[in-house]
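Take a look at the structure set out below.
Every number in this text was worked out from the coordinates using simple rules, so none of it is lab data. Note that this is a predicted model, so its numbers are computed, not measured. Cβ placement follows ideal geometry from the backbone for every residue including glycine, while neighbour counts extend to all protein chains displayed.
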Amino acid sequence: MTRVAGCELCELSVPKVFENDKFAVILVDDANYPGFARVIWKDHVREMSDLADEDRLLVNDAVWKLEQAVREVMQPLKVNVASLGNVVPHLHWHVIPRYADDAHFPAPVWAQAVRSTDAAVLTERKALLPQLVEAITRKFASH
């Protein structure tokens, strides 16, 4: 497995919701976006096109299963799925539940915030995280 010293995703030290020899699934600790999750490819590659066909299908399936779990539990208006890697050039996918009342909607979460989401709403969404962990675990049980 190829690792790069100093790459925060090669040296991933946060708790994983799911992990196998190819990828890990994590929940991102973002107070404004409970349910924000990532699929992180373990081998240090920059792009999907760096993967063998079998691995490309595997990571696509992982993103699909994660999106299903997020939709099932978080009940968002929309799910954003993105693979940017401009800051950390290591293959990873963001799966982000979006709501009309979130801080950036309808712009990307990386844009300038246009509002603050009510704290009570964020607390309700954060309370769903144990259910999200269960849903992710269930979706990935076949891996």
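Looking across segment 63-77, the residues that are within 15 Å of Leu132 (Cα to Cα) and hydrophobic (A, V, I, L, M, F, W, C) come down to Val63, Trp64, Leu66, Ala69, Val70, Val73, Met74.
Answer yes if at least one residue in segment 44-67 is closer than 21 Å to Asp102 by Cα, of a type in the set (A, V, I, L, M) and touching a helix residue (DSSP H, G or I) at 6+ places or on another chain (Cβ under 6 Å), and no otherwise. Checking segment 44-67: not a single residue is closer than 21 Å to Asp102 by Cα, of a type in the set (A, V, I, L, M) and touching a helix residue (DSSP H, G or I) at 6+ places or on another chain (Cβ under 6 Å). The residues of segment 85-107 that are part of a strand (DSSP E or B) and farther than 24 Å from Leu58 by Cα amount to a single one, Arg98. Annotation: Ala5 fulfils all but one of (1) in contact (Cβ under 8 Å) with a residue 40 or more places away in the chain; (2) part of a loop (DSSP other than H, G, I, E, B); the unmet one is (1). For first residues located in segment 100-117 and closer than 12 Å to Lys78 by Cα and in contact (Cβ under 8 Å) with a residue 60 or more places away in the chain, partners that are of a type outside the set (Phe, Trp, Tyr) and surrounded by 13 or more Cβ atoms within 10 Å (Cβ to Cβ) and lie 6+ apart or on another chain with Cβ distances below 8 Å form the pairs Asp102/Asn32; Asp102/Val109; Asp102/Thr117. Scanning segment 44-67 for residues that are touching a His at 6+ places or on another chain (Cβ under 9 Å) and among the charged types (D, E, K, R) yields a count of 3. For segment 86-102, a residue qualifies if it is touching a Phe, Trp or Tyr at 6+ places or on another chain (Cβ under 8 Å) and hydrophobic (A, V, I, L, M, F, W, C), and the qualifying residues are Leu91, Val95, Ile96.
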